[in-house]
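Trainee: Here it is: the structure, laid out below.
Nothing in this text is a laboratory measurement; each read-out follows from the coordinates by a stated rule. Not measured: the values here are computed from a predicted model. Here the Cβ is made from the backbone with ideal geometry for all residues, glycine too, and neighbour counts use every protein chain on show.
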Amino acid sequence: MRAEAPAAETGVAQLTMVQAINQALDQALAADPRVLVFGEDVGVMGGVFRATDGLQARHGAERVYDTPLAESGIVGYAVGLALAGMRPVAEVQFAGFLYPALDQVLSHVGRYRHRTRGRFTTPLVVRAAYGGGVHTPEQHADSPEALLAHAPGVKVVVPSSPARAKGLLLAAIDDPDPVFFLEAIKLYRSTREDVPAEPYRLELGRARVVREGDALTLVAYGGMVEVCLQAAAVAAREGVELEVVDVETLVPFDEATVLGSVRKTGRAVVVHEAARTAGFGAEIAARIAEGAFFDLLAPVARVTGWDAPYPPFTSVEHHYRPDAARVLAAVREALLA
Amino acid sequence: MRAEAPAAETGVAQLTMVQAINQALDQALAADPRVLVFGEDVGVMGGVFRATDGLQARHGAERVYDTPLAESGIVGYAVGLALAGMRPVAEVQFAGFLYPALDQVLSHVGRYRHRTRGRFTTPLVVRAAYGGGVHTPEQHADSPEALLAHAPGVKVVVPSSPARAKGLLLAAIDDPDPVFFLEAIKLYRSTREDVPAEPYRLELGRARVVREGDALTLVAYGGMVEVCLQAAAVAAREGVELEVVDVETLVPFDEATVLGSVRKTGRAVVVHEAARTAGFGAEIAARIAEGAFFDLLAPVARVTGWDAPYPPFTSVEHHYRPDAARVLAAVREALLA
Amino acid sequence: MTATVRYVAEDGRALRELPLAREDLVRGYRAMRRARHFDERAVTLQRQGRLGVYPLFRGQEAAQVGASLALEPHDWLVPTYRESAAAITHGLPLETALLYWRSHPAGWSFPEHVRVLPFYVPIATQLPHAVGVAHAGSLRGEGWVVLAFVGDGGTSEGDAHEALNFAAVFSAPVVFLVQNNGWAISVPTERQMRNTVIADRAAGYGMPGVRVDGNDLVAVWDVVRQAVARARAGEGPTLVEAVTYRLAPHTTSDDPGRYRDESAAGERERAEPLARMRALLAGMGAWSDEYEEALLADLRAEFDAAVAAADAAPEPAPESIVEHVYAGMQPDQRRAWEALREG
Amino acid sequence: MTATVRYVAEDGRALRELPLAREDLVRGYRAMRRARHFDERAVTLQRQGRLGVYPLFRGQEAAQVGASLALEPHDWLVPTYRESAAAITHGLPLETALLYWRSHPAGWSFPEHVRVLPFYVPIATQLPHAVGVAHAGSLRGEGWVVLAFVGDGGTSEGDAHEALNFAAVFSAPVVFLVQNNGWAISVPTERQMRNTVIADRAAGYGMPGVRVDGNDLVAVWDVVRQAVARARAGEGPTLVEAVTYRLAPHTTSDDPGRYRDESAAGERERAEPLARMRALLAGMGAWSDEYEEALLADLRAEFDAAVAAADAAPEPAPESIVEHVYAGMQPDQRRAWEALREG
Ligand SMILES: Cc1ncc(C[n+]2csc(CCOP(=O)(O)OP(=O)(O)O)c2C)c(N)n1
Ligand SMILES: Cc1ncc(C[n+]2csc(CCOP(=O)(O)OP(=O)(O)O)c2C)c(N)n1
Ligand SMILES: [Mg+2]
Ligand SMILES: [Mg+2]
């Protein structure tokens, strides 16, 4: 039983990020018979965030379906599908529920190509909602990107807007390597943006300057890009032009773009919402400090979640996630240095 | 059926690291009835590295015993024992087999105290052998310390010698917080050192200057401390005095000692055998670059495993793990900067 | 295929001699009624924005309350997020439960004397803990038994398997209570597993498995009581499957209309546990409308007081979010704490 | 408790009519002999320092070979590290197997046409892959079946459970072959699980479970053949438990004297699978000492040629360790590659 084909793929529409993701999945399913979409509650229900809404009706329960409640099983099963030539796109409801699957990620997803010298590969995508800011229950606001980034062989993509999400997801599904695709919950519905209706792919592995400036470089990804842009807007009112770089693909990391910006501005603040210690910001800061050392006018600062679990305590959770004020405080300090 | 008591606890003996660990476990079992030692093959067999050799005979099969083959189960079961007032000391044979337990680590071990505001705590120790250099089979040479370090609430200790291992392990078992204790396989039997026979505890959370110098600071832990000392010895022959800091406790990180050294020398090279990207060296480098910025004369370099899985290919695996030559190459570059 | 234990028919008739005394039957009903009242009032509070996302347990009162009543106060209860009914039955103050669901820190630190582990989110991860707590009890001769809950969906996780096996191997005094409520969010039990008789798994682990009508308080209580007795006698774990039904949405954020036919709800409601128990008691002359009214008045007063107490809990300070990370505050947390304090 | 399927007694007598033709019996014996020869020679090579740590399979030839012979060439075999016998029976060249155990990269890239997934280390993690490969086959109508191995110890891991459940739910064409060889390194099956009949777990998952004498080639082959037929017919997975014994140390690095009574080894050797099969064939007049000699001569020649081919494999370049991390070389790997090349 298949529902009607989606509307013609022309023009643009104002979409939320979750709609853009839904459209990308829909188009990937339509374009490539190897694509399968599965996970907990992605079938009839259309996903806890509705990212897979309508896909089962349109593409059939053989290609869009629920799995049992077991994340290691989901990712391990995806590995098997990929080994056998499919293009699995798994959903894990929240990135904090990727933890049971980390064994599969670290032991297999990132290792298969290397250990078999290219004989076997695992082109799969795992999507997961991450991050805080919307009063989710405990462990629903985790940001484990650094753990994934430390698994060589795995790519890690974190989109920051609807249009980017669509193009990056389509590229990730086509990519010959496994891609973890982390979607900021905060961005799912908070804004809309023009998204071209036709399928398009955005290159993985490219950071982007999303706002130009000369005083300092803010480096961020996912949900923190918007926070950095807010900070930059405030600073601009005071006559200080901050450059904002959206990393977008954490691995492989686009060092050239980030260093290029910092060499120009001489100052950098790295922003993420994961805990600070051993977060991905450490990697970014270390690369800047090494690669742009002679251009740096101030220490590279990090504005991050604190070294504590994301607090499950509603009335104070907003103190955990960086906001424009915290970013600006770090900017001010760096500008004084 | 209990075997004879161990020899009187006086004097010192030349012990390997595995013997020192065995002694620490023995003394912890003797001193504290809450201590339990368990894991795969730790009972009759005494552990794949013999770290628990003789302990079951001496302390009984109720306190030293095998578990089923399931690492998530082992760590989760340890959490339960700790919640109920025991002092579990679990062995995971190789750190690469901690991966199935990462869910328990990230969801519970590091979170229980925080989420229950101190009502429930998980004072447990998980020991695991890590690192390469001895031609172990695939995935037996992994170094996942960065993953553990990114779990707030967890302490991470990596000893670099027999005497340190004994004192740190006894301290870890007594510690009110959960401690992951990573033992470099390369060090298990490679050297002996005088180890006091009586039980003693070395404070967690303290880095140590293990060799003084003024030209540059090498920062390392575990199996890389010896490599750094070798490099320092070579440099000394050329009249260059390198300072070597043994981090020892990765979390909580002793920033003061590390920064103190770098402020003095003005240069730093961070060394570990885990893959570079998002490795713990990034955290160390980021902290140095931030905290000692105005004293730095050269970029902070990292000498690490490459951004690839530890290769399972015997004849070339030694190209993965940093050695003195690679450390010295980085030192030379830093000294020229 | 395992048979289902049942004592009371859906219409409240006793199907055979009941294994519980009349006072216990009344006590059981009262506890279920108290739980239902909590659930209903909690939903109202949630709608008023005075609780966060709340996982309802409507329809599962017999399973949760019956199992919990089989415990002694010094036994441990290991709940999932759905076990508010079980937790308050085993002694968790209503006020604490409310503060928990308000995501207020005062609700996360259960009182010292209450032997309930905290509600938790990551599915099935609590089961190995339950085995550890149970084994610690037998190693130290504490004599406590652990009652660990999990859902039908939760049985699919690796941790469920590892815990069952550990418990069997260590002969740990633990009772696993699977509430097979038909759904894991939108996934029906038939898509979660091929054999939907979860009790059938017990044999593989070498432990007894019992399937019980989870809407029959008498049956659940008695089956779990026997399992607890076995555990206490050192005979090891039991897997109990309580077949019940999630009458409500998964949580207050869920809309079951998206995935199940809610028009069949009426039929399901007829099988719900409170009416059955009330009919049984009424038939025995042990309950009346007056009793019910009096009980409800008490429950209202109790709940109102709990809400008032919860409302009085002082707001947490921002810097509290970096407290209790380690036993002693470490330098990184200290720095964060000071930054948060300055604001 | 599941009964054990057996066709041939330990002394080689047929216990009932055999389900295999005479040529198949001979083929089966020859394949087992070939495997045994591989194992013995591999151990010798290891002692000479010409292989790395090697996991012996002595005693498990009937289980591995019998199961593998039940496959068609286009079926997939998913081994653990111990399944060298299964892998070479399903077409892995001896040379590749040797290079694998020499940890030479040329041994890790199995030939394109060989449908064997690589040996792997982390226990039980291959089982979800097997389900994925199987399900991909049925979705695409490939008609292939997957034979997935795991050990008694491996059944304790969460992934084993998740894979069994996924397979049952998706009705995936996969046969799980548990070799219950009595040991997981030093841990005997009795301490690994309380009910040591692993086939008893199948019912819980809603799939058939069969226990077979794992030292009886005929029984293993026939049982797996039936399971493969079921899978191919779309009837879903089967759990087969082959009861065998690890006659050898866990690996060439292990000393079983540390944990088991090796004086009982003689008795165990009597139950080993080759002698039994040879006695059966001899009794039928289908095998003789001359045949055996001729076969051994062939096997020696085949193995010698494989060693020679393996020895001729060129040494890997240092920079190869950072190749094949991603499909295209990325900047970080490029930098590493250049550094390694400069040396
Ligand atoms: C590891 C993990 N994966 C996914 C989720 C999201 N989730 C929350 S409840 C639930 C369904 C649980 O179903 P079941 O175990 O039957 O319990 P019930 O909700 O019916 O009480 C899911 C998938 C989670 N909390 N943890
Ligand atoms: C996840 C993981 N944990 C531990 C080990 C170490 N280890 C290797 S083999 C083995 C025992 C396996 O026993 P079993 O599954 O019965 O297979 P057998 O060795 O008997 O063939 C163990 C514990 C491992 N390889 N992977
Ligand atoms: Mg359920
Ligand atoms: Mg075994």
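Trainee: How big is the stretch D:43-152 by the Kirkwood estimate over distinct Cα pairs, in Å?
Mentor: 14.4
Trainee: Same structure, new question: Quick check on chain D: of the DSSP beta bridges with both residues there, what percent are antiparallel, nearest 5%?
Mentor: In chain D, DSSP labels about 10 percent of beta bridges as antiparallel.
Trainee: In straight Cα distance, which aspartates and glutamates are under 12 Å from B:Lys166, not counting same-chain residues fewer than 8 positions off?
Mentor: B:Asp26, B:Glu183, B:Glu193, B:Asp194, B:Glu198, B:Glu203
Trainee: Report, by chain and number, residues whose modeled amide H sits under 5 Å from the one on A:Glu273, excluding near sequence neighbours (fewer than 5 apart, same chain).
Mentor: Distant-sequence amide H within range of A:Glu273: A:Gly305.
Trainee: Further, regarding this structure: With the calculation restricted to Cα positions, what are the radius of gyration and Dmax of the protein assembly as shown in angstrom?
Mentor: Reported Rg and Dmax, both Å: 30.9, 99.
Trainee: In debye to the nearest 20, how big a dipole does the protein assembly as shown give about its Cα centre with +1 on each Lys and Arg Cβ and -1 on each Asp and Glu Cβ?
Mentor: About 380 debye.
Trainee: Contact order normalised by length for chain C, with contacts defined as Cα pairs under 8 Å and 6 or more residues apart; what percent is it?
Mentor: 23
Trainee: Turning to a different aspect of this structure: Taking beta carbons within 10 Å but only from partner chains, what does the mean come to for residues B:130-142?
Mentor: Per residue, the average neighbour count from other chains is 3.
Trainee: Out of C:Glu95, C:Glu262, C:Glu302, any idea which swings most in a Gaussian network model of chain C, alpha carbons joined below 10 Å?
Mentor: The residue with the greatest mean-square fluctuation here is C:Glu262.
Trainee: Restricting the count to DSSP beta bridges whose residues both fall in chain B, what percent are antiparallel, rounded to a multiple of 5?
Mentor: Looking only at bridges with both residues in chain B, the antiparallel portion is about 20 percent.
Trainee: Shortest first and in nm with one decimal, please list how far the C:Ala286 label point sits from its counterparts in the other copies (point 7 Å along Cα→Cβ).
Mentor: 7.0
Trainee: Take every residue in peptide C:185-198, count the Cβ atoms of other chains within 10 Å of its Cβ, and give the average of those counts.
Mentor: Mean inter-chain Cβ contacts per residue within 10 Å come to 6.
Trainee: Can I ask one more? Measuring from a point 7 Å out along Cα→Cβ, what nm distances, shortest first, does C:Gly12 have to its partners in the other copies?
Mentor: 7.7
Trainee: Helix B:280-291 against the longest principal axis of chain B: what's the angle in degrees, Cα atoms only, rounded to the nearest 10?
Mentor: Helix B:280-291 sits at roughly 50 degrees to that axis.
Trainee: What list do you get for C:Phe170, B:Phe180 if you sort them by fewest beta carbons within 10 Å?
Mentor: C:Phe170, B:Phe180
Trainee: Can you grab the distance from the C-alpha centre of the stretch C:291-343 to the C-alpha centre of the stretch A:293-314, Å, no decimals?
Mentor: A separation of 27 Å, based on Cα centres.
Trainee: Right, something else. Based on the mean of other beta carbon atoms within 10 Å per residue, what is the order of D:108-120, A:262-274, most packed first?
Mentor: Ranked from most to least packed, the peptides come out as A:262-274, D:108-120.
Trainee: Specify, for chain C, the residue whose C-beta is closest to the rotation axis mapping it onto chain D, with the distance given in whole Å.
Mentor: Nearest Cβ to the rotation axis, residue and whole-Å distance: C:Gly158, 1.
Trainee: Just for the protein assembly as shown, what percent of DSSP beta bridges are antiparallel, to the closest 5?
Mentor: 15
Trainee: While we're here: Which one, C:Leu139, C:Leu296, D:Gly12, projects farthest toward the positive side of the charge dipole computed for the protein assembly as shown from Cβ point charges (K/R +1, D/E -1)?
Mentor: Positive-most Cα among the choices belongs to D:Gly12.
Trainee: Give the angle, between 0 and 90 degrees and rounded to the nearest 10, that separates the Cα long axis of helix B:162-174 from the longest principal axis of the Cα atoms of chain B.
Mentor: It works out to around 50 degrees.
Trainee: What span do the alpha-carbon atoms of the stretch C:218-325 cover on each of the three principal axes, reported in whole Å from largest to smallest?
Mentor: 55, 43, 38
Trainee: Still on this structure, I have one more. With helices defined as uninterrupted DSSP H runs, which ones in chain D have an alpha carbon span along their own long axis of at least 24 Å and mean Kyte-Doolittle hydropathy of at least -1.0?
Mentor: Helices meeting the criterion: D:289-311.
Trainee: Related question: Please order C:His135, D:His74 by the number of other Cβ within 10 Å, starting at the fewest.
Mentor: Result, fewest neighbours first: D:His74, C:His135.
Trainee: Which of the peptides C:121-131, D:48-58 is most tightly packed, and how do the rest follow, going by the mean number of other Cβ atoms within 10 Å of each residue?
Mentor: C:121-131, D:48-58
Trainee: Can you tell me the dipole magnitude for the stretch B:13-196 around its Cα centre, using point charges on the Cβ only (Lys, Arg +1; Asp, Glu -1), in Debye to the nearest 20?
Mentor: That gives the stretch B:13-196 a dipole magnitude of about 540 debye.
Trainee: Here is a follow-up. Extending each Cα 7 Å along its Cβ direction at D:His113 and D:Thr44, get the distance between those two points in nm, one decimal.
Mentor: Taking the simple label geometry, D:His113 and D:Thr44 are separated by 3.0 nm.
Trainee: Considering the alpha-carbon set of chain B alone, what are its Rg and its Dmax in angstrom?
Mentor: For chain B, the Cα-based Rg and Dmax read 19.7, 65 Å.
Trainee: Okay, next question. Distances from B:Val12 to the same position in the other copies: list them in nm, one decimal, shortest first, using label points 7 Å from Cα along Cα→Cβ.
Mentor: 7.4
Trainee: For chain A, with only Lys/Arg (+1) and Asp/Glu (-1) charged at the beta-carbon, what is the dipole magnitude about the Cα centre, in debye rounded to 20?
Mentor: 520
Trainee: Give, as a single signed number, the net charge of other residues whose beta carbon lies under 10 Å from the beta carbon of A:Asp174, with Lys and Arg counted +1 and Asp and Glu -1.
Mentor: 0
Trainee: Okay, next question. Evaluate peptide B:41-54: per residue, the Cβ atoms of other protein chains within 10 Å of its Cβ; return the mean as an integer.
Mentor: 3
Trainee: Here is a follow-up. Could you give the radius of gyration (one decimal) and Dmax (whole number) of the Cα atoms in the stretch D:282-343, in Å?
Mentor: In order Rg, Dmax, the Cα atoms of the stretch D:282-343 give 23.4, 66 Å.
Trainee: Shifting gears a bit: Using modelled backbone amide H atoms (1.01 Å from N, in-plane), which distant-in-sequence or interchain residues come within less than 5 Å of C:Val8's amide H?
Mentor: Amide H neighbours of C:Val8, under 5 Å, 5+ apart: C:Leu15, C:Ala219.
Trainee: Would you mind checking the tilt of helix A:17-31 against the longest principal axis of the Cα atoms of chain A, expressed as 0 to 90 degrees and rounded to 10?
Mentor: With rounding to tens, the tilt is 40 degrees.
Trainee: When chain C is treated as a GNM, springs tying every alpha-carbon pair under 10 Å, which of C:Ala327, C:Ala282, C:Ala242 comes out with the largest mean-square fluctuation?
Mentor: Judging by the Gaussian network model, the answer is C:Ala327.
Trainee: May I ask you to give the average projected area over all directions of the convex hull of the Cα atoms of the stretch D:92-144, in nm² rounded to one decimal?
Mentor: Mean projected area of the Cα convex hull: 4.2 nm².
Trainee: Moving on. I'd like the per residue volume of the convex hull spanned by the Cα atoms of chain D, given in cubic angstrom.
Mentor: In chain D, the Cα convex hull volume per residue is 155 Å³.
Trainee: Still on this model: Please compute P(r) over all alpha-carbon pairs of the stretch A:208-336, binned at 10 Å starting from zero, and give each bin as a whole-number percent.
Mentor: Going out from 0 Å in 10 Å bins, the stretch A:208-336 shows 14, 48, 31, 6, 0 percent.
Trainee: Here's a follow-up. Local charge sum around C:Ala219 (other residues, Cβ-Cβ under 9 Å, Lys/Arg +1, Asp/Glu -1)?
Mentor: Taking every other residue near C:Ala219 into account, the sum is -2.
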